[in-house]
Amino acid sequence: MAKSVKVPKKTRWFFYAVLATSFISGLTFFILNRWVTVEGEFGPEKHPWQMNVLRLHGAGAFLMMVFFGYFLASHVQVSWPVKPMRPLGIALTAAVSLMILSAYSLYYLGDMDVRAVVAYVHTGLGVTLPFFLIAHLVQGSRRRNSRKVKHA
């Protein structure tokens, strides 16, 4: 039977903290950017927290890319033969890859109309990513538990 790799507990908890930071800061930036203005000296302007939240999001995103490389090298490669886990694993890998590409596009795109669409795609992926991960974790846990029952 194919063997999957369980990620060490400390690594998992650090990853969850980074994911939460990235998720919360990204959603906060999106809300501040789209719907929040404050009265400035010369009229309405962006909220003063917006750029710091974006910087925090960028730091979290950078660490997420490091984790992505870690998971590709240590988890995905070894777990690929586990066919029941493959669809959600592919969905996670594709979603993170698209997040990276859309983030790059948001940073470098000049066309504001295209940039607005990419921002919504990036935000949509970012909001759904934790749910893909939770589904993958639950499926993996069920798979491990069923294997324990069969071997007992």
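Values computed for the structure shown
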quantity	calculated
Region 9-151 shape via C-alpha gyration tensor axes, a/c threshold 1.5	prolate
Distance between modelled label sites at Val38 and Gln77, nm, 7 Å Cα→Cβ extension	4.7 nm
Mean separation of Cα contacts under 8 Å, 6 or more apart, over the residue count of region 9-151: relative contact order %	23 percent
Added length on full extension, which subtracts the Cα-Cα distance from 0.36 nm per residue, Trp49 to Leu101	16.2 nm
Label point distance in nm, Lys148-Ala94, each placed 7 Å from Cα along Cα→Cβ	3.2 nm
Neighbour-count order for Tyr16, Tyr107, fewest beta carbons within 10 angstrom listed first	Tyr107, Tyr16
The chain - mean residue ellipticity at 222 nm from DSSP helices (-39,500 (n - 2.57) per run, n ≥ 4, rounded to 500)	-26500 deg cm²/dmol
Residue pairs, from the table Lys9/Lys148; Lys10/Lys83; Lys9/Lys150, whose Cα atoms sit over 23 Å apart	Lys10/Lys83; Lys9/Lys150
Sequence ranges 93-103, 140-150, ranked by mean other-Cβ count within 10 angstrom, highest first	93-103, 140-150
Degrees, to the nearest 10: 112-151 long Cα axis against longest axis of the chain	20 degrees
Calculated FRET value between Ala59 and Ile134, using beta carbons and R₀ = 25 Å, to 0.05	0.60
Net lengthening on full extension, Val7/Ala20 (0.36 nm per residue, minus Cα-Cα)	2.9 nm
Magnitude of the charge dipole, region 9-151, Cβ model with Lys/Arg +1 and Asp/Glu -1, debye to 20	1480 debye
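We did not get these values from a lab; they are worked out from the coordinates using the rules stated. This is a predicted model, so every value here is computed, not measured. Glycine also receives a Cβ, built like all others from the backbone with ideal geometry; neighbour counts cover every protein chain displayed.
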